[in-house]
Amino acid sequence: MINALITDQWLLTSPVPSAQEQTDVTGKYIQQFLSPREVEITETDAVGIVKNTTSRIWKAREVAEAFCYRAALAHQMVNCLHEIFFKAAIANAQKLDNYYAEHKKPIGPLRGLPVSLKEQFHVKDADDNGICWVD
């Protein structure tokens with residue numbers, strides 16, 4: 001079960017309203033669970049994310065954690081994920097941050113950019129799809 005892979009701190013503590021009670025779980029509804037910084041990160045486009053991670057305004061780990069948390073929330077609301085790789089994504093993001101700290105430059109031009117893959121792509125150690133991170 002996917003929910004068993006969601007860290008306890010990301011689990012919703014109250015029941016999610018039914019689809020009839022809450023027809024839209026995007027925007028302000030999901031934002032209520034996120035910090036202002038997490039909203040800023042997860043609502044920034046790819047160009048802005050790359051700009052902020054390659055210039056070290058945001059750490060790759062911070063971006064990974066924000067997107068993983070938002071995905072975990074969304075899944076609990078609408079059961080949208082088939083597989084998740086939150087731990088692997090965060091560990092990979094930390095490696096990117098460590099590289100940047102050691103070499104004083106990003107490992108590549110898309111450093112820290114989160115991507116979600118549909119099941120047509122084959123990902124090592126994965127059955128179908130999931131969230132991955134560009135090195």
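Put a dot 7 Å past each Cα toward the Cβ at Val78 and Ala4; how far apart are the dots in nm?
2.6 nm
Calculate the spin-label point distance for Leu11 paired with Arg37, positioning each point 7 Å from the Cα along the beta-carbon direction, and give it in nanometres.
For the pair Arg37/Leu11, the computed spacing is 2.5 nm.
What is the packing order of peptides 68-75, 105-112, taking the mean over residues of other C-beta atoms within 10 Å and listing the highest first?
So the order, starting with the most tightly packed, is 68-75, 105-112.
What is the calculated FRET efficiency for Val25 to Asn98, with r their C-beta to C-beta distance and R₀ = 35 Å, to the nearest 0.05? Walk me through the numbers on the way to the answer.
Numbers: r = 35 Å, r/R0 = 1.00.
That pair, Val25 with Asn98, gives E of 0.50.
For the chain, what is the mean residue ellipticity at 222 nm derived from helices alone (per DSSP H run of n ≥ 4: -39500 (n - 2.57); sum divided by total residues; nearest 500 deg cm²/dmol)?
On the way: 5 runs with 57 residues, N = 135.
Theoretical 222 nm ellipticity from helices: -13000 deg cm²/dmol.
Assuming 0.36 nm per residue, please report the length gained on full extension of the stretch Ile57 to Ser18 beyond their Cα-Cα distance.
Difference between extended and current length: 10.2 nm.
Given the pairs Lys59/Lys87; Lys51/Lys104; Lys28/Lys87; Lys51/Lys95, which span a C-alpha to C-alpha distance of over 24 angstrom in this model?
Numbers: Lys59/Lys87 16 Å; Lys51/Lys104 15 Å; Lys28/Lys87 27 Å; Lys51/Lys95 18 Å.
Check vs 24 Å cut-off fails for Lys28/Lys87.
For Cα pairs less than 8 Å apart in space and 6+ apart in sequence, what is the mean separation divided by the residue count of region 15-121, i.e. the relative contact order in percent?
Reported as a whole number, the value is 33 percent.
Just so you know, all these numbers are worked out from the coordinates, no wet-lab data involved. The model shown is predicted, which means the values in this text are computed figures rather than measured ones. Ideal geometry is used to build each Cβ from the backbone, glycine not excepted, and the neighbour counts take in all protein chains shown.
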